[in-house]
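To start, the structure under review is shown below, and the notes come after it.
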């Protein structure tokens with residue numbers, strides 16, 4: 001039986017985080033917003049969402065943040081496995 005929405009995953013962005021930062025840098029450099037969003041094929045809402053998330057971040061900081069996110073995800077998975085192991089232990 002198919003359940004609507006089961007197994008759906010979020011669509012991956014067309015832009016890498018580095019590309020997003022470069023687009024935001026163009027905007028900070030004074031390129032007109034209307035021309036910028038037309039050139040890259042994004043909406044104003046997307047631009048401002050990116051600005052809220054990545055504004056003022058350099059590419060090197062972005063790579064460091066990504067590394068931290070990956071490490072946190074690994075630790076989170078380990079924590080879950082550890083919790084499952086201890087919950088399966090018999091109590092005295």
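What follows draws every value from the coordinates through simple rules; no lab data is involved. Not measured: the values here are computed from a predicted model. All Cβ positions, even for glycine, are placed from backbone atoms using ideal geometry, and neighbour counts span all protein chains on display.
Taking 25 Å as R0, compute the FRET efficiency from the Cβ-Cβ separation of residue 75 and residue 33 and round it to 0.05. Show your work: numbers first, answer last.
Numbers: r = 39 Å, r/R0 = 1.57.
Once the sixth-power term is evaluated, E becomes 0.05.
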Legend entry - Burial ranking of peptide ranges 48-58, 13-23 (average Cβ count within 10 Å, highest at the top): 13-23, 48-58
Legend entry - Kirkwood-Stokes translational diffusion coefficient of segment 14-57, alpha-carbon pairs, 20 °C, 1.002 mPa s, µm²/s: 209 µm²/s
